[in-house]
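*Asks:* Before anything else, here's the structure in question.
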Amino acid sequence: MELTSQQRAQQYASARKTELNFERPLGEGIDGRVWASAADTAVKVFERHHNYRLERESYQRLQAAGVTELRGFAVPELVDFDDELLVVEMTIVSPPFILDFGKVHFDRRPEFSAETLAEWRESMQELFEDRWPEVRLLLAALERYGIYYLDAKPGNIMFGPSS
């Protein structure tokens, strides 16, 4: 019988002798669920190995480069992970931040048609309005580490209260 994401999170937390707050997830979506730990970290459990691997490797690349922020946006730091349980543990960040690296490409820009790129730029402009130039620069900063971020949306990229 396959374990649920909450059961995998519990196994992960038990092995590390910490507790998770299952009553109030920090986030949940198609790719997985996130809970706060008693150690003031976020524990994300993935549904698919592919998204798990992309997120883990993104955090590993950024950590190896000493990146904790990009263009003023905080980036969670990798604390631990478990390849069998598909769990990534990271620091909790406050806005402005960028997170959720489960949908990226590595080392080369994905090949999209000119029409698809134009539609994407237009949708990004609508989503982020006058903040789109900042987001575009943030995405370019990630590309310097070979990370081509494909999940730009409010919630994954948040601005600070006064910015």
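The values are calculated or read from the model by the stated rules, or taken from the named source; none is laboratory data. On a predicted model such as this, the values are computed, not experimentally measured, just so you know. Using ideal geometry, Cβ is built from the backbone for each residue, glycine included, and neighbour counts are taken over all protein chains shown. What goes into the accessible areas is simple: the full protein's heavy atoms, side chains included, and nothing from ligands, DNA or RNA. Shrake-Rupley method; radii C 1.70, N 1.55, O 1.52, S 1.80 Å.
*Asks:* In µm²/s, what is D for the range 1-129 at 25 °C and 0.890 mPa s, where D = kT/(6 pi eta Rh) by Stokes-Einstein and Rh is the Kirkwood radius from Cα pairs?
*Replies:* Rounded to a whole number, D works out at 154 µm²/s.
*Asks:* 222 nm [θ] for the chain, helices only, -39500 (n - 2.57) per DSSP H run of 4+, per residue, to 500?
*Replies:* Computed ellipticity for the chain at 222 nm equals -10500 deg cm²/dmol.
*Asks:* Determine, at each q value in 0.19 (inverse angstroms), the log₁₀ of I(q)/I(0) that the Debye formula gives when each Cα of the range 58-163 is one equal point scatterer.
*Replies:* -1.03
*Asks:* Oh, and also: Step through the residues of the range 46-55 one at a time and calculate ³J(HN,Hα) from phi using the Karplus curve (6.51 cos²θ - 1.76 cosθ + 1.60, θ = phi - 60°), rounding each to whole Hz and writing x for Gly and Pro.
*Replies:* 9, 8, 10, 4, 4, 5, 4, 4, 4, 5
*Asks:* Another question, then. How would you rank 40-47, 4-11, 125-132, highest first, on the average number of other Cβ atoms within 10 Å across their residues?
*Replies:* Those peptides, ordered most packed to least, come out 40-47, 4-11, 125-132.
*Asks:* Restricting the count to DSSP beta bridges whose residues both fall in the chain, what percent are antiparallel, rounded to a multiple of 5?
*Replies:* 90 percent
*Asks:* Given R₀ = 35 Å, FRET efficiency for Arg121-Met1 by Cβ-Cβ distance, to 0.05?
*Replies:* Taking R0 as 35 Å, the efficiency between Arg121 and Met1 is 0.15.
*Asks:* Which ³J(HN,Hα) values, rounded to whole Hz and listed in residue order, are derived for the range 137-146 from phi using the Karplus coefficients 6.51, -1.76 and 1.60 in 6.51 cos²θ - 1.76 cosθ + 1.60 with θ = phi - 60°, glycine and proline given as x?
*Replies:* 5, 5, 5, 5, 5, 5, 4, 4, 9, x
*Asks:* If I take R0 = 22 Å and measure r between the Cβ atoms of Thr68 and Thr18 in this structure, what FRET efficiency does the formula 1/(1 + (r/R0)^6) give, to the nearest 0.05?
*Replies:* 0.50
*Asks:* Name the long-range amide H neighbours of Val79: under 5 Å, sequence gap of 5 or more, or other chain; modelled H, no Pro or chain starts.
*Replies:* Glu89, Met90, Thr91
*Asks:* Between the range 139-163 and the range 69-85, what's the alpha-carbon centroid distance in Å?
*Replies:* Spelled out, the Cα-based centre of one part sits 13 Å from the other.
*Asks:* Could you state how much accessible area Ile30 has, in square angstrom rounded to the nearest 10, with a 1.4 Å probe and all protein chains kept in place?
*Replies:* 140 Å²
*Asks:* Just to make sure I understand: if all protein chains stay in place, what is the order of Asp151, Asp107 by accessible area at 1.4 Å, largest first?
*Replies:* From most accessible down to least: Asp107, Asp151.
*Asks:* Using Stokes-Einstein with the Kirkwood hydrodynamic radius over Cα pairs, what translational diffusion coefficient do you get for the range 99-150 at 4 °C and a viscosity of 1.567 mPa s, in µm²/s rounded to a whole number?
*Replies:* 110 µm²/s
*Asks:* Sticking with this structure for a sec: Sequence-distant or interchain residues sharing an amide H contact under 5 Å with Leu70, placed H: which?
*Replies:* Placed amide hydrogens put Val75 under 5 Å from Leu70.
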